[in-house]
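The values are calculated or read from the model by the stated rules, or taken from the named source; none is laboratory data. Keep in mind it's a predicted model, so treat the numbers as computed, not measured. Here Cβ is always computed from backbone atoms with ideal geometry, including for glycine, and neighbour counts include all displayed protein chains. To get the accessible areas, we keep the full protein, side chains included, count just its heavy atoms, and leave off ligands, DNA and RNA. Shrake-Rupley method; radii C 1.70, N 1.55, O 1.52, S 1.80 Å.
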Amino acid sequence: MAGRITAIVVGIGLLTNVAVVQAAPLTFADAWRRVLEQDDGLAADRAGIDRAESLREAAKSLYLPKVDVGASYTHLDKPVELDMLDLNPIASHPELAKALQPLLGATNLGAGDFVTPLTEQNVVTSSVKALWPIFTGGQIDAAQDIRAAQVSEAREMLQVRQLSSFESLAQTYFGVVLARQAVATRQEMEAGLARHLQHADKLEAQGQIARVERLSAQSAYDKARIDTQKARRSLEIAELALDRMVKLKEVEPGNGLFVNNDTPPLAPLVEKTLAVHPGLKVLDAKREQAKGVIRVEQGKYSPEVFLYGNYNLYEQDTLTAKMTPDWLVGVGVNVPLVSRDGRSETVTAAKSAELEVNYLVAKTRHDLELLVEKTWREAGQGLEEYQALASTQQLAEENVSLRDKAFAQGLSTSLDVVDAQNQLAGIKTQRAAAAYQYVVSLARLLALSGQLEQFATYQLTEGIEVTP
């Protein structure tokens with residue numbers, strides 16, 4: 001019995017430890033590491049890189065010869081034979097044939113004795129064939145360059161998705177933090193209105209306020225309860241999104257909202273973005289592919305030089321097989337004159353593709369400049385709004401205290417107290433939303449400029465934590 005009790009206690013202890021592990025706060029850095037490890041989209045892009053690298057390695061075999069082992073079985077209408085009399089037209093002359101009949105009869109020879117079989121009726125052959133292109137007008141080199149550019153494109157697409165995932169995580173993670181602060185603000189307001197309702201009940205019982213004042217306090221309190229419940233529902237939705245993103249249950253954010261004294265300078269952000277953004281590198285890779293296609297199509301105008309060879313593995317015991325050499329090698333040239341693939345139009349299309357990429361690069365650079373400046377201004381607006389509302393929040397807190405005291409003394413109405421509470425809750429929510437806008441905009445700026453590692457510096461080293 002004692003052993004059973006001990007086992008139960010140990011089991012409860014293990015469950016408690018597991019619960020503690022699951023409920024441990026998850027920092028933003030840890031959440032980002034989990035996204036890098038667990039996100040299916042990132043895993044798909046990594047598989048795309050592996051596929052592109054495999055295709056690049058496969059393209060290297062274009063330099064190697066092609067070697068085939070083949071066999072054939074052929075059934076002929078009749079065996080191939082050689083009649084010696086057919087080689088001499090005089091021997092087949094009717095008069096000469098009549099004169100030779102006695103001689104053939106004396107030697108026991110017939111017309112069939114002059115027929116030599118060359119092949120059998122069923123012909124079976126087997127051989128090894130080799131073909132080795134040694135000059136293709138640069139088409140093989142161009143194909144290699146295209147595959148290498150496709151690998152670069154796949155790698156940069158992974159970077160694009162990582163930056164997008166970082167922005168999404170910042171929005172979702174700190175969205176949960178914002179939702180929690182909203183719940184805390186609503187709960188604080190609900191508690192304040194509950195105290196106000198208690199005061200109103202006492203004052204009405206003492207006959208110091210009219211019933212309408214107490215009903216006003218009751219109505220405000222009921223509405224505050226509803227608003228708190230709505231905030232909790234919004235929090236549950238935000239938490240569900242974060243749980244799905246990091247693939248954990250009941251995630252507890254370990255970091256709060258923060259602000260900095262100043263926003264990062266704009267000019268270095270724009271310069272860095274235009275230098276390292278993977279979207280531009282994707283277009284660079286596409287430009288290299290377009291150039292490779294141009295070289296491939298232009299190479300079709302050049303002659304092809306190749307080596308070829310053949311070695312017989314099996315041959316029948318026939319005169320033709322004995323006369324045929326066992327192996328052969330040679331050099332061949334193929335000069336294209338007229339083709340049906342529209343080579344000139346294809347080259348023109350490839351050049352148009354390169355021009356299209358050039359225009360896309362110019363447009364993307366312009367769009368990135370605009371996006372960086374827009375995001376930078378949004379970050380600045382959020383920071384300025386958060387800082388500017390600090391004094392307003394202090395005033396609203398003082399106003400709530402004064403209104404509560406005035407109502408207790410009969411110098412203020414219940415509506416005044418409710419308005420003060422609403423004003424304070426609104427300002428707190430507005431400041432938290434401004435801090436959230438700053439954090440999300442900062443994350444986007446750092447993602448665009450390829451400085452994800454700097455986010456921890458702004459958050460932990462230079463950050464000022466925002467409290468409800």
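Summed over the range 340-365, the residues that are touching a residue at least 24 places away in the same chain (Cβ under 8 Å), closer than 15 Å to GLN298 by Cβ and either among the small types (Gly, Ala, Ser) or open to solvent by less than 60 Å² (accessible area, probe 1.4 Å) (or both) give a count of 6.
Looking only at residues in the range 208-249 that are open to solvent by 60 Å² or more (accessible area, probe 1.4 Å) and of a type in the set (Gly, Ala, Ser), which one is modelled with the highest pLDDT? That would be SER234. If the condition is being more than 30 Å from the chain's Cα centre (by Cα) and open to solvent by 70 Å² or more (accessible area, probe 1.4 Å), then the range 266-303 contributes GLN298, TYR301.
Scanning the range 424-431 finds one or more residues that are touching a residue at least 40 places away in the same chain (Cβ under 8 Å), within 26 Å of PRO264 (Cβ to Cβ) and touching a Phe, Trp or Tyr at 6+ places or on another chain (Cβ under 7 Å). Can you confirm whether the range 449-468 contains a residue that is in contact with a Gly (Cβ under 8 Å, 6 or more places away or on another chain), open to solvent by 10 Å² or more (accessible area, probe 1.4 Å) and either part of a helix (DSSP H, G or I) or in contact (Cβ under 8 Å) with a residue 60 or more places away in the chain (or both)? Scanning the range 449-468 turns up at least one residue that is in contact with a Gly (Cβ under 8 Å, 6 or more places away or on another chain), open to solvent by 10 Å² or more (accessible area, probe 1.4 Å) and either part of a helix (DSSP H, G or I) or in contact (Cβ under 8 Å) with a residue 60 or more places away in the chain (or both). Of all residues in the range 186-207 being among the charged types (D, E, K, R) and closer than 30 Å to PHE174 by Cβ, which is surrounded by the fewest Cβ atoms within 10 Å (Cβ to Cβ)? Across the range 186-207, the extreme among qualifying residues is GLU188.
The rows are residues; the columns are (1) surrounded by 16 or more Cβ atoms within 10 Å (Cβ to Cβ); (2) modelled with pLDDT of 95 or more; (3) of a type in the set (A, V, I, L, M, F, W, C); (4) not in a helix (DSSP H, G or I).
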position	(1), (2), (3), (4)
ASP367	no, yes, no, no
ALA379	yes, yes, yes, no
PHE407	yes, no, yes, no
VAL417	yes, no, yes, no
ALA425	yes, no, yes, no
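Are there helices (runs of 4 or more DSSP H) fully within the range 243-359 with at least 1 residues that are touching a helix residue (DSSP H, G or I) at 6+ places or on another chain (Cβ under 9 Å)? List them. The helices (runs of 4 or more DSSP H) meeting that bar are 266-276, 278-299. Within the range 35-71, the only residue that satisfies the criterion of being small (Gly, Ala, Ser), in contact (Cβ under 8 Å) with a residue 12 or more places away in the chain and open to solvent by 70 Å² or more (accessible area, probe 1.4 Å) is ALA71.
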